[in-house]
Amino acid sequence: MRVGDGNFHYEVVPNWGRSGEINAFGLVSGVACDSQDRVYLFIRSPQPEVLVFDPEGRLLDRWGQDIFTTPHGIWISPDDSIYLTDVADHTVRKTTLDGRIVMTLGTPGQPGAPGAPFNQPTRAVESPSGDIWVSDGYGQNRVHRFTPAGELALSWGETGKGPGQFELPHDITVDRHEQVYILDRPNGRCQIFDNRGVYQTEWKGLLGPNDLFITPDETIYIAESEQRITVMSMDGTVLARWGEKGDGPGQFSDSPHGIWVDSRGDLYVSEVIAENRFQKFVRL
């Protein structure tokens, strides 16, 4: 089965990762790859945990069963630090590749005060300068920047449809120029800010955007709720779009929720709502 559009075409790998110890995935909230193209799945149910695979889909490791409550976002830095958000636990955890916790932001099990970190955070990433950025999230429409040591440096955001307002900041990404991209899912847009939180521009017309990934060559991939993948350039030009609803290979049964591109250009997409919906697409 082949999918794609424009210059972006892929072949689906049937049942990737389902062999041996794992014959089916539960609900896969997010996906990320490390510097060696190992694949990390952030599993929400039936057991919150992280599953680690090689690029061919062989299970290498699993951890976090005693850590997470409601897994949401996962992101891995170029130096292989993992950032994981737990919405029900109101925390961001930074770990090593084998799951050792090196930093926890937020108070486990307790939401922050209004406007303060965190109330059901959705994603955390690291900027090239080392600052930590968090979209926060389901419980309030805020964005936070922390120093590399974990000290709060900046917060902004309120409920609404205008610049700097959100109805659900579901994802945050920072590019190599320290520009900040925030997916405002119900408003169907990506807002772009500088690293001081000053609004720059926005891209509209997205269908419930959930997750955004920027490749080293500055190509942007967005997973959208309404069974669509969008590929864009850094100026917002749409380079490719594809996707259709269905349960077959290359289709999306519910809501593409997590997206990542490895060093080979291969694409990984996780879905939520339906279980056992995770696919690998090999770039042609």
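The values are calculated or read from the model by the stated rules, or taken from the named source; none is laboratory data. Keep in mind that what you see is a predicted model, and the values were worked out from it rather than measured. We place every Cβ from the backbone using ideal geometry, glycine too, and count neighbours over all the protein chains shown.
Here are the numbers for this structure:
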| item | result |
| --- | --- |
| Scan of region 60-87 for residues that are surrounded by fewer than 15 Cβ atoms within 10 Å (Cβ to Cβ) and out of contact with any Pro (no Cβ under 8 Å at 6 or more places or on another chain), ordered by number | Leu60, Asp61, Asp66, Pro78, Asp79, Asp80 |
| Search result, residues across region 241-276 that are in contact with a strand residue (DSSP E or B) (Cβ under 6 Å, 6 or more places away or on another chain), of a type in the set (Ser, Thr, Tyr) and farther than 17 Å from Gly57 by Cα | Ser255 |
| Meets criteria (surrounded by 13 or more Cβ atoms within 10 Å (Cβ to Cβ), modelled with pLDDT of 95 or more and assigned to a loop (DSSP other than H, G, I, E, B)) for Pro114 | no |
| Strands (runs of 3 or more DSSP E) lying entirely in region 122-192 (those with 2 or more residues that are more than 18 Å from Thr85 (Cβ to Cβ)) | 152-156 |
| Failed condition for Ser77, given (1) more than 15 Å from the chain's Cα centre (by Cα); (2) within 26 Å of Val282 (Cβ to Cβ); (3) not aromatic (Phe, Trp, Tyr) | (1) |
| Filtered residues of region 234-284 (kept if more than 15 Å from the chain's Cα centre (by Cα), small (Gly, Ala, Ser) and either over 24 Å from Ala124 (Cβ atoms) or surrounded by 23 or more Cβ atoms within 10 Å (Cβ to Cβ) (or both)) | Gly236, Ala240, Gly243, Gly246, Gly248, Gly250, Ser253, Gly265, Ala274 |
| Subset of region 41-78 (residues that are farther than 24 Å from Leu168 by Cβ, out of contact with any Asp or Glu (no Cβ under 6 Å at 6 or more places or on another chain) and not hydrophobic (A, V, I, L, M, F, W, C)) | Pro46, Gln47, Glu49, Asp54, Glu56, Gly57, Arg58, Asp61, Asp66, Pro78 |
| Where Gly4 falls short, out of the listed (1) in a strand (DSSP E or B); (2) within 14 Å of Ser270 (Cβ to Cβ); (3) in contact (Cβ under 8 Å) with a residue 60 or more places away in the chain | (2) |
| Failed item, numbered, when Val231 is tested on (1) in a loop (DSSP other than H, G, I, E, B); (2) buried (at least 22 other Cβ atoms within 10 Å of the Cβ) | (1) |
| In region 7-25, the residues that are small (Gly, Ala, Ser) and at pLDDT below 95 | Ser19, Gly20, Ala24 |
| Checklist (1) modelled with pLDDT of 95 or more; (2) touching a His at 6+ places or on another chain (Cβ under 6 Å) applied to Val269, failing item | (2) |
| Criterion violated by Thr215 - all others in (1) under 16 Å from the mean Cα position of the chain (by Cα); (2) surrounded by 15 or more Cβ atoms within 10 Å (Cβ to Cβ) satisfied | (2) |
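Residues checked against (1) buried (at least 21 other Cβ atoms within 10 Å of the Cβ); (2) closer than 28 Å to Ser225 by Cβ:
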residue	(1), (2)
Ile101	no, no
Thr104	no, no
Arg123	yes, yes
Trp133	yes, yes
Tyr138	no, yes
Ala153	no, no
Val174	yes, yes
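Conditions (1) aliphatic (A, V, I, L, M); (2) under 20 Å from Tyr268 (Cα atoms), marked per residue:
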| site | (1), (2) |
| --- | --- |
| Asp61 | no, yes |
| Asp66 | no, no |
| Trp75 | no, yes |
| Leu84 | yes, yes |
| Arg93 | no, no |
| Thr96 | no, no |
| Ile101 | yes, no |
| Thr104 | no, no |
| Phe118 | no, no |
